[in-house]
1. Considering only L223, V143, G256, whose Cα is most displaced toward the positive end of the charge dipole of the chain, charges sitting on Cβ of Lys, Arg (+1) and Asp, Glu (-1)?
2. Residues with amide H under 5 Å of Q136's amide H, sequence separation 5 or more or different chain, H placed in the peptide plane at 1.01 Å from N; which?
3. Counting Lys and Arg as +1 and Asp and Glu as -1, each charge on the Cβ, what is the dipole of segment 74-206 about the Cα centre in debye, to the nearest 20?
4. Using mean Cβ contacts within 10 Å as the protection proxy, how do 63-76, 201-214 order, highest first?
5. Using every pair of alpha-carbon atoms in segment 74-206, split the distances into 10 Å bins beginning at 0 and state the percent of pairs per bin, rounded to integers.
6. Considering only Cα-Cα distances, which of the following residue pairs are longer than 18 Å: K116/K163; K79/K116; K9/K99; K37/K237; K56/K237; K55/K237?
7. Would you work out the Kirkwood radius for segment 58-132? I mean one over the mean of 1/r across all pairs of different Cα atoms, in Å.
8. What is the set of long-range amide H partners of Y46 at a cut-off below 5 Å, with H atoms built 1.01 Å from backbone N?
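Each value in this text was obtained by applying a stated rule to the coordinates, not by laboratory testing. None of these values were measured; they are calculated from a predicted model. Positions of Cβ are generated from backbone atoms using ideal geometry, with glycine treated the same way; all protein chains shown enter the neighbour counts.
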Amino acid sequence: MTYQGVLQKMQTEFAQPIQYYLVFDDSFLNVNQLLNKEIELQFQGYQCLNCGQPKKIFRQGFCYDCFMSSPAVGDWIMKPELSTAHLDIEDRDLEYEKKVQLQPHIVYLALSSEVKVGVTRKTQVPTRWIDQGAVQAVPIVEVPNRYLAGITEVALKNHFADKTSWQKMLKNEVLPVDLQAERQKTIAWIPEEVKPYFATQEKIYDLEFPVLQYPKKVSSLNLDKTPNYTGKIIGIKGQYLLFEDGTVFNIRTYEGYVVKMSV
C-alpha cells in the first residue's frame, strides 16, 4: 500500500491509547495500524502549507516569504506575552490576531520528561499535550486571552522548564512527580491579575501512547540528508514515529515536505 502527499502534523484522537492519523489530500491513514510493520519513506519535494507553492520549506511548514509575512507565525505564537490584540494593536493582521488571541487560553503543567509549563488555546486541550508527548498534564489557570496566559508562563518559567527534552520523552525517561502538588505551588508565583482565575482543584489528564517498545538511544531522521529510509515502526509518541533501529522521525519538523510512504 502506498500513500503520497504533503506532510502535516498527525491528527490525534484522545483514547487509550491515543489514535494517530496522517491525512493527505486524497487519503488518510490510521498510523496505529503500522505498529510492528516495515515502512519506506521517500522524500519527493516541498509544498508550502501557506501558499501551496513548491518552494523550499523554511520553518513550520512555511516557505521563507510566507514565514516572514503570515500572521499565523507571528512572534506572539512562540512568545504569548508579546500578544497585543487585547490592546487593539496589530502585529501582522489584527483581525486574525483578535480571532486567535482573544479566546480562552490554558496555562498548564505537563510531564513529558521533567515538569514543564506551557500555554495553549482551550480548544487545543488535550491535543497540545499529546503533541508534546506528555504522560500527564494539569491546567493551572484558564484566562480570557493569550496575553494573560503569556505573562503567567513567563512568571512560572523561573520555577519550571518551558521546553521538553525530546530525547528523554522518546525514551520514556520521566521523573516521578506529583503534578497536583506542583500546581498548588504556582498560586504564589503567578501574576496578581491572574490569581482570580486560579481554581483550587483541576483534574489531571493521563495520556497513554501506542508504543510497543521504547528505544534506549535515539537519532533523528533528516529527510534532506536521507531522502530514502526503511524501518519497522515500534511506537508513536508526541509527533514522532519510533523505529526499531533507534531512528525517530518528527512529523512536525517536516511539515510541508512531500513524501511517498510505502507499507
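1. With unit charges placed on the Cβ atoms, the residue in question is L223.
2. Long-range HN contacts for Q136: L111, L207.
3. The calculation lands at about 360 debye.
4. On the way: 63-76: 17.4, 201-214: 14.9.
Packing proxy ranking, top to bottom: 63-76, 201-214.
5. Once binned at 10 Å, the Cα pair distances of segment 74-206 give 13, 44, 32, 10, 1.
6. On the way: K116/K163 7 Å; K79/K116 15 Å; K9/K99 22 Å; K37/K237 16 Å; K56/K237 27 Å; K55/K237 29 Å.
Too far apart for the 18 Å limit: K9/K99; K56/K237; K55/K237.
7. Numbers: mean 1/r = 0.0731 Å⁻¹.
One decimal place: 13.7 Å for the Kirkwood radius.
8. Here the answer is V258, since their amide H atoms fall under 5 Å of that of Y46.
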